[in-house]
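Q: Next up is a structure, given as structure tokens.
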Amino acid sequence: MAAVKPLLALNWKLQKGPRETFEWSRKLLEQLPEELSADLAVIVPAVSLQSAQNALSSSLVAWGAQDVSAHSKGAFTGETAAAWLAELRCKYAVIGHSERREYHGETDAIANQKVKAVQAAHITPILCVGEKLETREAGTQVEYTLRQLEVALDGVEITDEGSLVIAYEPIWAIGTGKTATPDDAEQMGNAMRGFLTKKYGADSSAKVRLLYGGSVKPDNIKALCSRQNVDGALVGGAALEIDSVLAMLNALN
Ligand code: 13P
């Protein structure tokens, strides 16, 4: 674990609508300890953001979006502008999740535009990268993932801790129950930190939190997040139940 406080980001995907978001969040607050071992954020569907804000403002829990438009305005049916996420006080926006890449054709070049769009709205991008199984089996996962970063971070600046979070989510570990080992997560964390240090210098690189995601659960989060350059987790399935979230927070303590 790095010197910075870890970040536990709960990616609800297409799982909780506005009503459930509000009720779940209120229940969570009733059970949350007064001091948290990690920064905690719920990453909710766009239509649930208002509910998250209603339930969680003036609490320790932040909220964020699962995607954002690369554009600020115009004829882009179905899209959501970064400035509107800021109106709803989103702290984070996930960008380039592998499910967006697979089902919606997102590329690293699009992720690059989106990172810049949310930074301009003072929202922290959580940029997702990570390889498919065949790339891991070929042993080229580090080159592959750093290449994703190279394109997605082209022209992107780091000024403070809010500038950027990166989540390494190997696709073969998402929703499969197959977790990368702590060694795998650390190997990629070290490689990404090296990349950032070369690109931005050590001071700026240290401002970026590096998360691991892919079948993270209460019983493996501690082993993963106690490694160097694994500064937290982006969690899907295990983020849906309050007990599981509390257990993960406890494990990070
Ligand atoms: P799971 O935790 O369900 O594997 O999902 C990971 C993920 O995609 C988080 O963004």
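Every read-out reported here was derived from the displayed coordinates using simple, explicitly stated rules and does not represent laboratory data. Computed from a predicted structure; not experimentally measured. Every residue, glycine as well, gets a Cβ built from its backbone with ideal geometry; the counts of neighbours run over all protein chains shown.
Q: What number goes with the only condition from (1) surrounded by 18 or more Cβ atoms within 10 Å (Cβ to Cβ); (2) out of contact with any strand residue (DSSP E or B) (no Cβ under 8 Å at 6 or more places or on another chain) that L7 does not pass?
A: It is condition (2) that L7 fails.
Q: Another question, if that's okay. Scan the stretch 142-186 for residues that are assigned to a loop (DSSP other than H, G, I, E, B) and within 16 Å of the ligand (Cβ to nearest atom) and jot them down. Steps first, please.
A: Step one: list which residues in the stretch 142-186 are assigned to a loop (DSSP other than H, G, I, E, B), which gives 153-164, 169-170, 174-181.
Scanning the stretch 142-186 gives E169, P170, I174, G175, T176, G177, K178, T179, A180, T181.
Q: May I pose another question? Return the pairs, sorted by first residue and then second, in which the second residue is assigned to a helix (DSSP H, G or I), the first residue lies in the stretch 171-196 and is of a type in the set (A, V, I, L, M), the beta carbons are less than 6 Å apart, and the residues are 6+ apart or on different chains.
A: Every condition considered, the pairs that remain are I171/S98; A180/A173; A185/L224; A191/V142; L196/S205.
Q: Being of a type in the set (S, T, N, Q) and within 18 Å of the chain's Cα centre (by Cα) is the filter here; which residues of the stretch 194-219 pass it?
A: Within the stretch 194-219, S205, S215 meet the criteria.
Q: OK, next. For residues that are out of contact with any Gly (no Cβ under 7 Å at 6 or more places or on another chain) and in a helix (DSSP H, G or I), scanning just the stretch 33-55, find the one that is surrounded by the most Cβ atoms within 10 Å (Cβ to Cβ).
A: A52
Q: Would you confirm, using the coordinates I've provided, whether V216 is touching a helix residue (DSSP H, G or I) at 6+ places or on another chain (Cβ under 7 Å) and more than 14 Å from the ligand (Cβ to nearest atom)?
A: It is false that V216 is touching a helix residue (DSSP H, G or I) at 6+ places or on another chain (Cβ under 7 Å) and more than 14 Å from the ligand (Cβ to nearest atom).
Q: Could you please let me know if I123 is of a type in the set (V, I, T), surrounded by 20 or more Cβ atoms within 10 Å (Cβ to Cβ), in contact (Cβ under 8 Å) with a residue 12 or more places away in the chain and under 21 Å from V235 (Cα atoms)? Give the steps one after another, and end with the answer.
A: Working: of a type in the set (V, I, T): yes; surrounded by 20 or more Cβ atoms within 10 Å (Cβ to Cβ): yes; in contact (Cβ under 8 Å) with a residue 12 or more places away in the chain: yes; under 21 Å from V235 (Cα atoms): yes.
For I123, the condition - of a type in the set (V, I, T), surrounded by 20 or more Cβ atoms within 10 Å (Cβ to Cβ), in contact (Cβ under 8 Å) with a residue 12 or more places away in the chain and under 21 Å from V235 (Cα atoms) - is met.
Q: Another question about this same structure. Quick one: what pairs do we get from the stretch 203-222, first residue over 20 Å from V129 (Cα atoms), second among the polar types (S, T, N, Q) and within 10 Å of the ligand (Cβ to nearest atom), C-beta under 6 Å, 6+ apart or different chains?
A: Cβ pairs passing all conditions: N220/T179.
Q: Conditions: (1) in contact (Cβ under 8 Å) with a residue 12 or more places away in the chain; (2) outside any strand (DSSP E or B); (3) not small (G, A, S). E30 meets all but one. Number of the miss?
A: (1)
Q: Now for a different question. Given the condition aliphatic (A, V, I, L, M), closer than 19 Å to E23 by Cβ and within 17 Å of the chain's Cα centre (by Cα), answer yes or no: does some residue in the stretch 79-88 qualify?
A: Within the stretch 79-88, none of the residues are aliphatic (A, V, I, L, M), closer than 19 Å to E23 by Cβ and within 17 Å of the chain's Cα centre (by Cα).
Q: Would you pick out the residues in the stretch 226-244 that are in contact (Cβ under 8 Å) with a residue 24 or more places away in the chain, out of contact with any strand residue (DSSP E or B) (no Cβ under 6 Å at 6 or more places or on another chain) and more than 19 Å from T176 (Cα to Cα)?
A: The answer is S226, R227, Q228, I242.
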